[in-house]
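All of the numbers you see were taken from the coordinates with simple rules; none came from a lab. All figures in this text were calculated on a predicted structure; none of them were measured in a lab. Backbone-built Cβ (ideal geometry, glycine too); neighbour counts: all protein chains shown.
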Amino acid sequence: MKKKVYFKTFGCRTNLYDSQVMMSSMKDYEITQDETQADAIVINSCTVTNGADTHVRSYISQVEKNNAGAKLFLTGCGAHTKGESLLKENRIHGVFGQSEKEKIDTLLKKDKPFYDPGDLNHIDDIIVDDFVGKSRAFIKIQEGCNFRCSYCIIPFVRGDARSMDEEKILEQIRRLALNGFGEFILTGTNVGSYGKDTKTSLAKLMKKMSQIRGVRRIRLGSVEPIQITDEFLEILDEPWLERHMHIALQHTSPKMLKIMNRRNVYKQDRELFELLASKGFAIGTDFITGHPGESEELWLEGMKNARELPLTHIHAFTYSKRDGTSSASMKPEVNGKIAKKRLHEIQDLITEKNLSFRKAFNSNLDVLIESKKDGLYQGFDQHFNKILIESDDDLLGNWINIENYEIRGDYNFAKF
């Protein structure tokens with residue numbers, strides 16, 4: 001009887017993809033969705049903030065309490081920053097870097113504790129043709145980042161930007177489409193850098209993807225404003241492109257952007273966002289509050305500029321000091337309570353903007369049903385807005401077009 005392995009994934013879509021790679025690579029073990037039944041637990045960690053590290057430690061404590069017999073293995077970005085210390089504390093059995101994930105069978109069999117960080121130049125070679133427990137497919141198209149934003153540790157744990165082989169990406173999508181997947185989410189450490197090192201581009205890849213039978217909707221992970229090229233602008237009207245773009249700003253004060261060593265310029269960001277909004281796109285962004293140097297004056301400027309942007313979604317978080325980054329030694333620091341207050345201000349603003357966007361939209365919603373909870377089906381429409389649906393039919397995994405729906409606080413509701 002095969003031993004059972006449970007995968008616990010933290011963080012970004014890239015980690016979700018990496019977990020699927022490990023699942024696809026396993027031959028000698030059985031995957032379980034019940035962590036209490038697992039003989040081994042693989043923790044695919046995130047280390048983008050101190051909070052992310054805390055979540056991983058808390059999860060390890062939870063496992064130690066509820067399933068003390070399971071062997072714990074740590075991978076992901078946290079393997080490079082916290083792996084050695086957790087290993088020395090005897091809280092995990094093994095640590096391995098992202099480049100080693102295809103060797104999962106061999107790693108799980110190791111009797112002695114180990115630390116195998118791998119290398120930061122690795123390119124995945126495996127083709128994933130299924131996504132366990134998912135109705136959408138995540139496609140990793142690149143790894144690493146050449147940007148050096150002052151606050152970010154990720155380039156040091158993921159390496160420099162490098163693109164996956166185009167034909168392998170397309171072959172993966174062909175197989176997944178044959179297996180019934182219709183929505184594809186392109187992910188990576190810095191998605192917009194795809195093709196820079198292989199003399200192609202993100203737009204070219206997406207056009208080729210769209211020609212594969214069964215591909216219905218393509219969605220991007222986060223891209224940088226400067227990566228929206230003229231060539232990319234030419235595909236904005238294509239019906240297969242999700243009407244939602246997530247474009248990372250991190251701030252809207254020009255001075256704060258310089259402090260953060262960002263490459264975007266607010267004036268140009270605004271022009272781009274207004275163009276996208278004119279074409280009906282919902283627009284999300286990332287935003288950091290409380291970064292060193294964010295005075296009250298700069299914060300107020302940032303909020304003023306944010307009000308002027310046609311934003312509908314936001315991934316905002318308070319600044320978290322990461323050792324080894326230039327921001328870690330910057331002064332003056334911002335009080336944590338002030339940073340959290342600012343976080344709530346920007347979140348409340350975008351919540352209002354999202355509600356206004358949904359009220360102003362007067363057409364049908366194209367929805368992929370992803371799950372069912374408390375008797376209601378859940379999915380996301382073409383603008384990446386959540387919808388809850390009441391229905392007597394089995395809708396899981398189906399695409400449905402909704403004409404009549406009710407607009408509620410942070411989601412839409414329909415009977416179907």
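Once both labels are positioned 7 Å from their Cα atoms along Cα-to-Cβ, the gap between Asp286 and Glu30 label points is 4.0 nm. The stretch between Met1 and Thr229, if pulled fully straight at 0.36 nm per residue, gains 76.7 nm over its current Cα-Cα span.
Averaged over residues, the count of other Cβ atoms within 10 Å places the peptides 167-177, 284-294, 64-74, 142-152 in the sequence 284-294, 142-152, 167-177, 64-74, highest first. For the range 3-116, the square roots of the Cα gyration tensor eigenvalues, ordered a ≥ b ≥ c, give a/c below 1.5, which places it in the rounded category. Entry note, the chain: relative contact order of 10 percent, from Cα contacts under 8 Å with a spacing of 6+ residues. When Rg and Dmax are taken over the Cα atoms of the range 284-397, they come to 18.8, 58 Å. The calculated P(r) of the chain, using every Cα pair and 20 Å bins from 0, goes 25, 58, 17, 0 in percent. What value, in deg cm²/dmol to 500, does the helix sum -39500 (n - 2.57) over DSSP H runs of n ≥ 4 give at 222 nm once divided by the residues of the chain? My calculation for the chain gives -9500 deg cm²/dmol from helical runs alone. Here's the picture: a label point sits 7 Å out from the Cα of Asp197 along the beta-carbon direction, and within the range 102-124 the residues with their amide nitrogen under 11 Å of it are 120-124.
Between Thr54 and His315, the modelled label-to-label distance comes to 2.0 nm, taking each label 7 Å out from Cα in the direction of the beta carbon. Label reach from Glu166 (point 7 Å along Cα→C-beta): in the range 185-223, amide nitrogens under 14 Å belong to 194-211.
Give, as a single signed number, the net charge of other residues whose beta carbon lies under 10 Å from the beta carbon of Phe281, with Lys and Arg counted +1 and Asp and Glu -1. Net charge in that neighbourhood comes out at +1. Working from label points 7 Å from Cα in the Cα-to-Cβ sense, the Ile407 to Lys359 distance is 0.6 nm. Comparing the range 233-331 with the 2.2 N^0.38 Å rule of thumb, its C-alpha radius of gyration ratio is 1.18 (two decimals). Computed across the range 79-208, the Kirkwood hydrodynamic radius from all distinct Cα-Cα pairs reaches 16.5 Å.
Near Ile350, once Lys and Arg are set to +1 and Asp and Glu to -1 for all other residues with Cβ below 14 Å from its Cβ, the sum equals -2.
Can you give the FRET efficiency to the nearest 0.05 for Tyr115 and Glu333, using r as the Cβ-Cβ distance and R₀ = 45 Å? It comes out at approximately 0.85. The calculated FRET efficiency for Glu64 paired with Asn146, based on their beta-carbon distance and R0 = 56 Å, is about 0.90. In summary, the convex hull built on the alpha carbon positions of the range 137-360 has an orientation-averaged projected area of 12.6 nm². Pairwise Cα separations in the range 151-199 fall into 5 Å bins from 0 onward with the following percentages, short to long: 4, 17, 21, 21, 15, 11, 7, 2, 0.
Taking the Kirkwood radius as Rh and the Cα radius of gyration as Rg, the range 346-416 has a ratio of Rg/Rh equal to 0.97.
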